[in-house]
Ligand SMILES: [Zn+2]
């Protein structure tokens, strides 16, 4: 009898492992900052799951209870756990009832979060959001109770494929640090950081377009113009949006190195700093640089510059990494340029990727994206990819492409992923942020399960409506993708059918009404409903129907109070534009207008150093755009400034009012040319000829009307711009004061319409 009792007792101790509340978190006698932070985090969340305080003990104290040991403790060594984990990875091991979590930095911290999420079911779905004083969203964190239950963790080791993981799904300039951590993101930009005291903040504020900061024109240009890039025969001071350094000047790398050194001293814990060209590329046209760029390509010459800086820094700071933006697809290795081991090319193929069509395609199918990445990989061990990911103006189903994109990047050993263009709130931002962060952590996770889980948890009693909405937009994506695959780049865009739009509207109306008593859920619905309404309100009210347009506008106004002040809808002043469009639809024509239904666009996008929007007493509205000579893309008329006021199926005559400011007016010559750029559609098949205008003999400084050609308007979803080039000299300019679209049937001569046609 006695023996049996003893055996039973032994079996209990052997096989019934300890319950969660018995555990102690154990730290070494001399823990690093990240070990201490991780131990405290684990203590806090184990405590929540155990519904009691969990003790934290530091060696040499010897714990009586079972432990979760964090980092390099003596107990871990005694158990033989000594192999070094990767910096970004973690190892979870078990010995008896004891568990041992070890990892690099930041791998250890993310190991703790993985343990809490994957083994204990903790979830961090969303952070708190305070759109206005009246409306507050507490976010959503779930910590299930394990009180009285055995703590059972699965021993494993894991290193994520990307050491840099960042997506800017947030409202405003800074991401929530806690959620950034719980989503296991490892940021590179100055928009998101891990908690300051985590000891794992590796990104710095020296991020992108840093030439101007590292070699400030204010300090050096007056005495040393030769440090700066030459443009059209002259040295020009650089800004972060314009100009560059002179790559061949021997003093430049040394001065820039001191700039980086200052940044390192200002943020001693950080590891990533940027030595990157200013926005807009940045060539130098001096004779020496021209030879170098010819030989090595611009990307190659920029890599040589950052290599020199790395060389000067590596002795003092062997662990830092210098990132450098790569915009072109040049194969720098052809000219024998390779990155210094501390240099990380940051590949940003903006021209190919950043448009409404390409962002829906997995990058493995976009040679304009894969080729610069593969070329950069040949030149460097570590490469970070800069993605452009989303669009704030319509329900935008990026799920399937994202999953395929990150799998491809992992296969190619690309070491970092950063996504831009998501800051001011886009369609399904909370869902995408959570799902995409998980896929960046582990690209092989089941995306469907992640989507389902999030929608159920976050949208509660309206989950069915949101799930159906997501399924509709993903189905539209599949239809788009099938069409796109047949003729890639031929203007195929994502289009929702009338039936789909009507279904979406019904789902939103139901969710909106059902959630009326639950302000938090109502806000979550509002922040998605507004994206759908933004799409609907982008159309021409006359085409949409005034009644529907007015109803959508009224509902949009009800959604607005649930948006943070910096949401795209508000920062782009869309509500004002919707109101104006309503007024426009019932307006009296403007005095300048050619005919009743013509549409005028006043202000194009101007580009620093290429063009300017200035007062001009001779202009119709007192303002004109001045375009300097030899500046292609210097003036851009974005489609979205007029596309929603044109009527599909109609042909429009394009008319502008211009004046020339030329040095030599003896003979007529080409003044400017006018080009369409369709985002995601490089084909010229849709367009016949180049629209342009010649100067008049002995004529200067007087405005005149010019008719450029005609436009067949087909697709109200088209994205892109008209851009202008000027072959005149840099000392000369052309002024434009507006662009007008006149319905063909309303156009009366005298002026002939040139036989030049575009299609949008
Ligand atoms: Zn130069």
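Would you call residue 263 within 9 Å of the ligand (Cβ to nearest atom) and touching a strand residue (DSSP E or B) at 6+ places or on another chain (Cβ under 9 Å)?
Details: within 9 Å of the ligand (Cβ to nearest atom): no; touching a strand residue (DSSP E or B) at 6+ places or on another chain (Cβ under 9 Å): yes.
So residue 263 does not fit the description; no.
Taking the criterion of being under 29 Å from the mean Cα position of the chain (by Cα), part of a helix (DSSP H, G or I) and surrounded by 19 or more Cβ atoms within 10 Å (Cβ to Cβ), would at least one residue in segment 605-616 satisfy it?
At the first step, the residues of segment 605-616 found to be under 29 Å from the mean Cα position of the chain (by Cα) are 605-613.
Filter once more, keeping what is part of a helix (DSSP H, G or I): none.
Looking for residues that are under 29 Å from the mean Cα position of the chain (by Cα), part of a helix (DSSP H, G or I) and surrounded by 19 or more Cβ atoms within 10 Å (Cβ to Cβ), one finds none in segment 605-616, hence no.
Suppose we filter segment 280-306 for residues that are away from the ligand (no atom under 14 Å from the Cβ), under 30 Å from residue 202 (Cα atoms) and surrounded by 20 or more Cβ atoms within 10 Å (Cβ to Cβ); how many remain?
Residues meeting the conditions: 4.
Would it be correct to say that residue 627 is out of contact with any helix residue (DSSP H, G or I) (no Cβ under 6 Å at 6 or more places or on another chain), closer than 16 Å to residue 700 by Cα, buried (at least 16 other Cβ atoms within 10 Å of the Cβ) and outside the structural domain of residue 551 (by TED's automatic domain parsing)?
Working: out of contact with any helix residue (DSSP H, G or I) (no Cβ under 6 Å at 6 or more places or on another chain): yes; closer than 16 Å to residue 700 by Cα: yes; buried (at least 16 other Cβ atoms within 10 Å of the Cβ): yes; outside the structural domain of residue 551 (by TED's automatic domain parsing): yes.
For residue 627, the condition - out of contact with any helix residue (DSSP H, G or I) (no Cβ under 6 Å at 6 or more places or on another chain), closer than 16 Å to residue 700 by Cα, buried (at least 16 other Cβ atoms within 10 Å of the Cβ) and outside the structural domain of residue 551 (by TED's automatic domain parsing) - is met.
Report the residue count in segment 202-216 for those that are surrounded by fewer than 17 Cβ atoms within 10 Å (Cβ to Cβ) and either touching a residue at least 40 places away in the same chain (Cβ under 8 Å) or within 15 Å of the ligand (Cβ to nearest atom) (or both).
Keep residues of segment 202-216 that are surrounded by fewer than 17 Cβ atoms within 10 Å (Cβ to Cβ), which gives 205, 216.
If we keep only those that are either touching a residue at least 40 places away in the same chain (Cβ under 8 Å) or within 15 Å of the ligand (Cβ to nearest atom) (or both) too, we end up with 205.
Qualifying residue count for the region: 1.
Any residue at all in segment 241-260 that's under 21 Å from residue 164 (Cβ atoms), touching a helix residue (DSSP H, G or I) at 6+ places or on another chain (Cβ under 8 Å) and either surrounded by 19 or more Cβ atoms within 10 Å (Cβ to Cβ) or outside the structural domain of residue 303 (by TED's automatic domain parsing) (or both)? Walk me through it before giving the result.
First, pick out the residues of segment 241-260 that are under 21 Å from residue 164 (Cβ atoms): 260.
From what is left, the residues that are touching a helix residue (DSSP H, G or I) at 6+ places or on another chain (Cβ under 8 Å) are 260.
Adding the requirement that they be either surrounded by 19 or more Cβ atoms within 10 Å (Cβ to Cβ) or outside the structural domain of residue 303 (by TED's automatic domain parsing) (or both) leaves 260.
Yes, segment 241-260 contains a residue that is under 21 Å from residue 164 (Cβ atoms), touching a helix residue (DSSP H, G or I) at 6+ places or on another chain (Cβ under 8 Å) and either surrounded by 19 or more Cβ atoms within 10 Å (Cβ to Cβ) or outside the structural domain of residue 303 (by TED's automatic domain parsing) (or both).
Here's a check for you: in segment 678-695, which residue that is at pLDDT 70 or above and buried (at least 17 other Cβ atoms within 10 Å of the Cβ) is farthest from residue 655 (Cα to Cα)?
If we take residues in segment 678-695 being at pLDDT 70 or above and buried (at least 17 other Cβ atoms within 10 Å of the Cβ), then 678 is farthest from residue 655 (Cα to Cα).
Pick from 417, 396: which is part of a loop (DSSP other than H, G, I, E, B) and touching a helix residue (DSSP H, G or I) at 6+ places or on another chain (Cβ under 8 Å)? Break it down stepwise before answering.
Details: 417 fails: part of a loop (DSSP other than H, G, I, E, B).
Step by step, each of 417, 396 is checked, and only 396 is part of a loop (DSSP other than H, G, I, E, B) and touching a helix residue (DSSP H, G or I) at 6+ places or on another chain (Cβ under 8 Å).
Quick check: is even one residue across segment 344-361 in contact (Cβ under 8 Å) with a residue 40 or more places away in the chain and either within 16 Å of the ligand (Cβ to nearest atom) or farther than 30 Å from residue 481 by Cα (or both)?
yes
Can you name every residue in segment 142-155 that is surrounded by fewer than 20 Cβ atoms within 10 Å (Cβ to Cβ) and at negative phi? Please lay out each step first, then the result.
Step one: list which residues in segment 142-155 are surrounded by fewer than 20 Cβ atoms within 10 Å (Cβ to Cβ), which gives 142-145, 147-150, 152-155.
Once the filter is applied, which keeps residues that are surrounded by fewer than 20 Cβ atoms within 10 Å (Cβ to Cβ) and at negative phi, segment 142-155 yields 142, 143, 144, 145, 147, 149, 150, 152, 153, 154, 155.
Checking residue 233 against (1) within 16 Å of the ligand (Cβ to nearest atom); (2) buried (at least 17 other Cβ atoms within 10 Å of the Cβ), which test does it fail?
(2)
The values are calculated or read from the model by the stated rules, or taken from the named source; none is laboratory data. No experiment lies behind these values; they were computed from the predicted model shown. Glycine also receives a Cβ, built like all others from the backbone with ideal geometry; neighbour counts cover every protein chain displayed.
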